[in-house]
Amino acid sequence: MLVALTVAIGAAALALAAWCGHAAWRDQPTKDWHFIGMAVVTVLVLAQLVIGLVQLGRGERPEQGTVIFVAYLLGAFAAVPAAGMLSLTERTKWGSVTVAAGAVVLAVLEVRLYDIWGSGA
């Protein structure tokens, strides 16, 4: 895996979490610009998904197993869009809290993906 991309996704996810957390603190629902931020993070995770699958296709293997690696890649890809969809159904500050929580989950998944692939790879 590309360590730089994993770190960038983790940092972007935490920035999105802080941004949406701030909106929740101000009693605001998710706005259009929050969805733009979610889209940016999702595009980064899509790139990671493609790169991860290409590396698997080239014969590279994660230290802790291919199945768990692919499961975490798919979970990471779904975390922010799922939170964004839920925030559309809750047009209060709790929608912003949902996106912030989803972004924190993504950051944790990135740490775990780094660990699954192998820290030295």
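General remarks:
- Within the chain, helix-based [θ] at 222 nm, where runs of 4 or more DSSP H residues each add -39,500 (n - 2.57), nearest 500: -28500 deg cm²/dmol
- Evaluated with a Cβ-only charge set (Lys, Arg +1; Asp, Glu -1), the chain carries a dipole of roughly 160 debye about its Cα centre, given to the nearest 20.
- Look at the alpha carbon pairs under 8 Å that are at least 6 residues apart: their mean separation over the length of region 8-99 gives a relative contact order of 45 percent.
- For mean projected area of the Cα convex hull in nm², computed directly from the structure shown, the correct entry in (1) 12.6; (2) 6.6; (3) 9.9 is (2).
- Accessible surface ranking that places the most exposed of Leu2, Leu73 first, with a 1.4 angstrom probe: Leu2, Leu73
- Between the C-alpha center of region 44-74 and that of region 82-99 there is a gap of 29 Å.
- For region 60-76, 3J(HN,Hα) per residue [Karplus equation, 6.51 cos²θ - 1.76 cosθ + 1.60, θ = phi - 60°, Hz, x = Gly/Pro]: 6, 10, x, 5, 9, x, 6, 4, 5, 5, 5, 4, 5, 4, 5, x, 5
- Placing Thr6, Thr89 in order of accessible area, with the largest value first and a 1.4 Å probe, yields Thr89, Thr6.
- Leu49/Trp25 FRET efficiency (R0 25 Å; Cβ-Cβ; nearest 0.05): 0.20
- The loop-placed trypsin sites (Lys or Arg not before Pro) in region 22-121, going by DSSP, that have at most 16 neighbouring Cβ atoms within 10 Å of their Cβ come out as Arg26, Lys31, Arg58, Arg91.
- Between Ser96, Tyr72, Gln48, the Cα set farthest toward the positive side of the dipole of region 39-121 (charges on each charged residue's Cβ, about the Cα centre) is that of Ser96.
- Sites Arg91 and Ile68, calculated FRET efficiency, Cβ-Cβ separation with R0 30 Å, nearest 0.05: 0.25
The values are calculated or read from the model by the stated rules, or taken from the named source; none is laboratory data. Predicted model only: the values in this text are computed from it and were never measured. Note: ideal-geometry Cβ built from the backbone for every residue, glycine included; neighbour counts use all protein chains shown. Ligands, DNA and RNA are excluded from the accessible area calculation, which covers all protein heavy atoms including side chains. Shrake-Rupley method; radii C 1.70, N 1.55, O 1.52, S 1.80 Å.
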